[in-house]
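Asks: Here it is: the structure, laid out below.
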Amino acid sequence: MPPSSLTSLANETTVPTSFIRDEEERSKVAYNNFSDDIPVISLKDIDEIGTRGEICEKIVEACEDWGIFQVVDHGVDPQLISQMTKFAKEFFALPSEEKLRFDMSGGKKGGFIVSSHLQGEVVQDWREIVTYFSYPIRARDYSRWPDKPHGWIAVTEKYSEKLMELACKLLEVLSEAMGLEKEALTKACVDMDQKVVVNFYPKCPQPDLTLGLKRHTDPGTITLLLQDQVGGLQATKDNGKTWITVKPIEGAFVVNLGDHGHYLSNGRFKNADHQAVVNSNSSRLSIATFQNPAPEAIVYPLKIREGEKAVMDEPITFAEMYRRKMSKDLEAARFKKLAKEQQIQAEEVAEKAKLESMPIEEILA
Ligand SMILES: O=C1C[C@@H](c2ccc(O)c(O)c2)Oc2cc(O)cc(O)c21
Ligand SMILES: O=C(O)CCC(=O)C(=O)O
Ligand SMILES: [Fe+2]
């Protein structure tokens with residue numbers, strides 16, 4: 001079980017062992033060693049015939065290469081962005097008991113939790129989150145949306161609406177790039193879900209031993225991530241051999257393609273492989289807006305190009321896809337833990353056997 005608040009641990013000198021990751025999982029690149037590899041794309045005049053083609057080309061190239069790009073000139077009001085960020089920071093600065101009024105550790109849909117939305121994780125993430133489901137509107141449960149700081153709900157509603165519009169615009173481009181009608185991807189989502197996860201990564205006394213958010217791909221179609229200027233989002237496109245730290249750009253959104261986007265494009269667009277690292281100098285805030293298909297939406301490639309084989313064996317619902325992914329992730333983590341325990345046990349047995357066969361003079365030497 002993770003602690004009920006992490007902020008209180010930020011002033012310790014060591015991290016509890018439940019946060020310590022195996023060496024191969026730890027960060028290999030500094031949180032502030034920024035890379036320019038991820039394309040930054042201006043969406044200015046995206047609806048003009050003259051410029052649309054050029055912008056689309058850049059987006060498609062980025063999706064084929066990394067599954068990640070950043071967008072600027074996206075039309076979301078900078079004031080709305082700064083209000084959203086300000087309220088989010090204020091929420092995490094509230095006393096623990098206020099945040100725990102929204103505790104979701106008992107499996108509640110939405111609210112506040114330390115470390116992970118997944119139950120049964122073996123190693124804990126160095127983060128606190130507050131999350132709420134914003135679309136479809138008819139399914140909103142405002143009792144799980146934080147009501148403090150006062151005024152945040154109105155801002156989150158507006159933010160959700162604007163990000164839904166931006167996501168749909170980006171999905172139009174990707175649909176066209178696949179040679180499909182521009183509504184193809186949104187239609188495949190049936191009735192698009194939106195879930196907002198606000199990540200707060202407190203300062204960490206031993207950032208090299210842990211991660212803010214372990215390596216993963218997002219399950220849905222597309223994620224729009226707003227990050228502050230601290231840095232910590234890292235991506236790999238060679239299965240974890242090398243990593244880059246995404247350069248924070250004021251007011252930009254990082255766009256990540258998720259598993260659903262990857263499957264629907266039959267693997268042509270990558271599902272961004274990423275993680276978040278922490279540091280000992282400052283806390284960090286990021287706001288992830290996950291655009292997901294409805295749970296009953298069928299997941300299967302919308303187009304299989306000539307000479308290609310389908311990346312999926314059969315069509316399944318998004319709910320089933322999500323369930324399989326999460327149980328695979330947890331299974332892999334448990335298997336790793338077991339293998340580690342067995343290795344320690346084997347080393348202990350070998351050590352004991354060595355000692356038993358040693359002459360007493362050698363042991364005492
Ligand atoms: O918090 C996250 C991040 C992310 C995620 C996916 C898969 C993982 O194994 C993992 O550790 C993190 O995507 C999410 C998707 C959700 O539906 C809710 C989340 O809280 C998250
Ligand atoms: O905080 C970050 O930079 C990454 C967040 C993320 O990947 C997520 O919430 O899924
Ligand atoms: Fe993510």
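Asks: Return a whole-number percent for the relative contact order of the stretch 87-149, with Cα pairs under 8 Å and 6 or more residues apart as the contact set.
Replies: Relative contact order comes out at 30 percent.
Asks: Continuing with this model, one more query. Any lysines with Cα under 18 Å of the Lys309 Cα? List them, leaving off those in the same chain fewer than 8 positions away.
Replies: Lys270
Asks: Something else about it: Given Cα pairs under 8 Å that are at least 6 residues apart, what percent is the relative contact order of the chain?
Replies: Across the chain, relative contact order equals 21 percent.
Asks: Packing-wise, with mean Cβ within 10 Å as the measure, how do 152-164, 239-251, 257-269, 348-360 rank, highest first? Spell out each step's value before the answer.
Replies: Details: 152-164: 18.3, 239-251: 15.8, 257-269: 23.3, 348-360: 9.5.
Highest to lowest by the protection proxy: 257-269, 152-164, 239-251, 348-360.
Asks: Can you give me the long-range amide H partners of Val40? Hydrogens built in the peptide plane at 1.01 Å from N, cutoff under 5 Å, separation of 5 or more residues or another chain.
Replies: Gln70
Asks: Measure off, as a whole percent, the carbon and sulfur share of the 1.4 Å-probe accessible area of the chain, all protein chains present.
Replies: On the way: 9390 of 17720 Å².
Using a 1.4 Å probe with all protein chains present, the chain comes out at 53 percent carbon and sulfur.
Asks: Report the gain in length on full extension from Val190 to Val40: 0.36 nm times residue separation, minus Cα-Cα distance, nm rounded to one decimal.
Replies: The span from Val190 to Val40 would gain 51.0 nm if fully extended.
Asks: Just the number, please: percent antiparallel of the DSSP beta bridges in the chain, rounded to the nearest 5.
Replies: In the chain, approximately 90 percent of DSSP beta bridges are antiparallel ones.
Asks: Once Lys and Arg get +1 and Asp and Glu get -1 on their Cβ, which of Tyr263, Ser35, Phe253 lies farthest toward the positive end of the dipole of the chain?
Replies: Sorting the options by dipole projection puts first Phe253.
Asks: To continue, here is another question. For Ile222, enumerate residues with amide H under 5 Å from its amide H, sequence gap 5+ or separate chain, H modeled in the peptide plane.
Replies: Gly258, Gln291
Asks: Give the residue from Asn281, Trp243, Thr186 lying farthest towards the positive end of the charge dipole for the stretch 4-314; charges sit on Cβ (+1 for Lys and Arg, -1 for Asp and Glu) and the dipole is referred to the Cα centre.
Replies: Asn281
Asks: Relative to a virtual label point 7 Å from the Cα of Glu362 in the Cα→beta-carbon direction, which members of the stretch 316-350 show backbone nitrogen distances below 19 Å?
Replies: Zone members listed by number: 347-350.
Asks: Taking the Cα centre of the chain as origin, sum charge times position over the Cβ atoms of Lys and Arg (+1) and Asp and Glu (-1), and report the length of that vector in debye to the nearest 20.
Replies: Working: 45 positive and 57 negative charges, 140 e Å.
About 680 debye.
Asks: Report the accessible area of Ser5, computed with a 1.4 Å probe over the heavy atoms of all protein chains in place, in Å² rounded to the nearest 10.
Replies: Here the residue's solvent-accessible area equals roughly 10 Å².
Asks: While we're here: Report ³J(HN,Hα) in whole Hz for each residue of the stretch 9-17, in order, from the Karplus equation J = 6.51 cos²θ - 1.76 cosθ + 1.60 where θ = phi - 60°; Gly and Pro get x.
Replies: These are the phi-based 3J(HN,Hα) values: 8, 4, 9, 6, 9, 10, 8, x, 4 Hz.
Asks: Compute the FRET efficiency between Leu180 and Met326 as 1/(1 + (r/R0)^6), taking r as their Cβ-Cβ distance and R0 = 35 Å, and round to the nearest 0.05. Spell out each step's value before the answer.
Replies: Details: r = 29 Å, r/R0 = 0.83.
Computed FRET efficiency for Leu180 and Met326 comes out at 0.75.
Asks: Per residue, how big is the convex hull of the chain when only Cα atoms are used? Give it in Å³.
Replies: Details: hull volume 62.5 nm³, N = 365.
Spread over its residues, the Cα hull of the chain gives 171 Å³ apiece.
Asks: Using a 1.4 Å probe, how large is the accessible area of Tyr300, given in Å² and rounded to the nearest 10?
Replies: 70
Asks: Continuing with the same structure: Got a sec to turn the phi values of the stretch 195-203 into Karplus ³J(HN,Hα) couplings, 6.51 cos²θ - 1.76 cosθ + 1.60 with θ = phi - 60°, whole Hz, x for Gly and Pro?
Replies: 10, 10, 10, 9, 9, 10, 10, x, 3
Asks: Please report, ordered by residue number, every helix of the chain (full DSSP H runs) that is 24 Å or longer along its axis going by C-alpha atoms and whose mean Kyte-Doolittle hydropathy reaches -0.5.
Replies: 49-65, 152-177
Asks: For the chain, what does the accessible surface come to per residue with a 1.4 Å probe? Please give it in Å². Kindly include the intermediate steps, with their values, before the conclusion.
Replies: Numbers: 17720 Å² over 365 residues.
Heavy-atom SASA per residue in the chain reads 49 Å².
Asks: Please give the FRET efficiency for Ala319 paired with Glu61, using the beta carbon to beta carbon distance and R0 = 41 Å, rounded to the nearest 0.05.
Replies: Approximately 0.80, to the nearest 0.05.
Asks: Considering only DSSP states other than H, G, I, E and B, which trypsin sites (Lys or Arg not before Pro) in the stretch 65-145 qualify as loop sites with at most 12 other Cβ atoms within 10 Å?
Replies: Here the trypsin sites (Lys or Arg not before Pro) that fit, given the DSSP loop and packing criteria, are Lys109.
The values are calculated or read from the model by the stated rules, or taken from the named source; none is laboratory data. In this text, all values refer to a predicted model and were calculated from it rather than measured experimentally. Virtual Cβ from ideal backbone geometry, glycine too; neighbours counted across all protein chains shown. Accessible surface is based on the protein model in full, side chains and every heavy atom, while ligands, DNA and RNA are left aside. Shrake-Rupley method; radii C 1.70, N 1.55, O 1.52, S 1.80 Å.
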